[in-house]
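The values are calculated or read from the model by the stated rules, or taken from the named source; none is laboratory data. What you are looking at is a predicted structure, and each value in this text was computed from that prediction instead of being measured. Positions of Cβ are backbone-derived with ideal geometry, glycine not excepted, and every protein chain shown enters the neighbour counts. For accessibility, only protein heavy atoms count, side chains too; no ligands or nucleic acids. Shrake-Rupley method; radii C 1.70, N 1.55, O 1.52, S 1.80 Å.
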Amino acid sequence: VEHSAHGGDSLGSQIAIFTAILASAGAIVSYQGGDTQNKAMLYKNEAVLKKTQASDQWNFYEAKSNKGHLMELALVVAPAKKHEFYEAQIAKYEKDKVEFHEMAMKIGKPVFKRMAEEEPNYISSDCQLAGHHIEQGMEELGLPKAEMAHPLTLLAKAYGL
């Protein structure tokens, strides 16, 4: 009995070594799993940032369009001596729109292409401006056209209402 206690080939030693190997393997797998989760969160955050950037650019574009339309209205109702001012404002807003439109389309291009891969029948967004941005982006890239609909409209169609 004493002789086997001093020997190195006991079952207890083998179990201890096997347990240490399993613990090491578990730690490695756990580390890799955590790394994968961190990367997924990073990609998600980057996607949210890109979406926000595209939305901001598109909103700037729409704001410039609205201001330009107001200047066009003002041009019609203003006295002749103010026409030059409003014409200059209209030209300024048209120039600004081009810059914001190009940036919004550049940021949104990967989204448009990804959506087109699925060949959707509908484009849906709770934000009408975002829906129009996607619709226009897909059209400008020559991607398959899909009907734009509000999410509630799609629910109504799905339930036959």
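Quick notes on this structure:
- Cα-projected label distance for ALA156 with ASN38, points at 7 Å along beta-carbon direction, nm: 4.9
- Alpha-carbon Debye profile of the range 27-161, log10 I(q)/I(0) at 0.10, 0.12, 0.13 Å⁻¹: -0.52, -0.68, -0.75
- Extension gain for ARG114 to GLU139 (0.36 nm times residue separation, less C-alpha to C-alpha distance): 7.6 nm.
- Heavy atoms of PHE100: accessible area, 1.4 Å probe, square angstrom to 10: 40
- Across the range 1-126, Cα pairs under 8 Å and at least six residues apart give a relative contact order of 26 percent.
- R0 of 35 Å, Cβ-Cβ distance ASN121-LYS92: FRET efficiency to nearest 0.05: 0.30
- Charge context of LYS67, other residues only, Cβ under 15 angstrom, K/R +1, D/E -1: -2
- Projecting the Cα atoms of ILE21, VAL48, ALA88 onto the charge dipole of the range 1-113, computed from C-beta unit charges around the Cα centre, puts ALA88 farthest toward the positive end.
- In the chain, the longest principal axis of the Cα atoms and the axis of helix 11-77 are about 0 degrees apart.
- A quarter of the convex hull surface defined by the alpha-carbon atoms of the range 108-161 gives 3.5 nm² as the mean projection.
- Accessible-area order (highest first, 1.4 angstrom probe) of the listed residues GLU62, GLU119: GLU119, GLU62
- Accessible surface for HIS101 stands near 30 Å², nearest 10, in the context of the full protein assembly shown (1.4 Å probe).
- Overall form of the range 57-131 per C-alpha gyration tensor (a/c, 1.5; a/b vs b/c): prolate
- Most tightly packed first, judged by the mean number of other beta-carbon atoms within 10 Å of their residues, the peptides 41-52, 80-91 read 80-91, 41-52.
- The C-alpha atoms of the chain define a longest principal axis, and helix 83-117 lies at about 30 degrees to it.
- From helices alone, the chain scores -28500 deg cm²/dmol at 222 nm; the rule is -39500 (n - 2.57) for each run of n ≥ 4 DSSP H residues, then divide by the residue total.
- Computed extension length for VAL76-LEU129: 16.3 nm, one decimal, from 0.36 nm per residue of separation with the Cα-Cα distance subtracted.
- Greater than 27 Å apart at Cα, pairs in LYS109/LYS157; LYS97/LYS145; LYS39/LYS145: LYS109/LYS157; LYS39/LYS145
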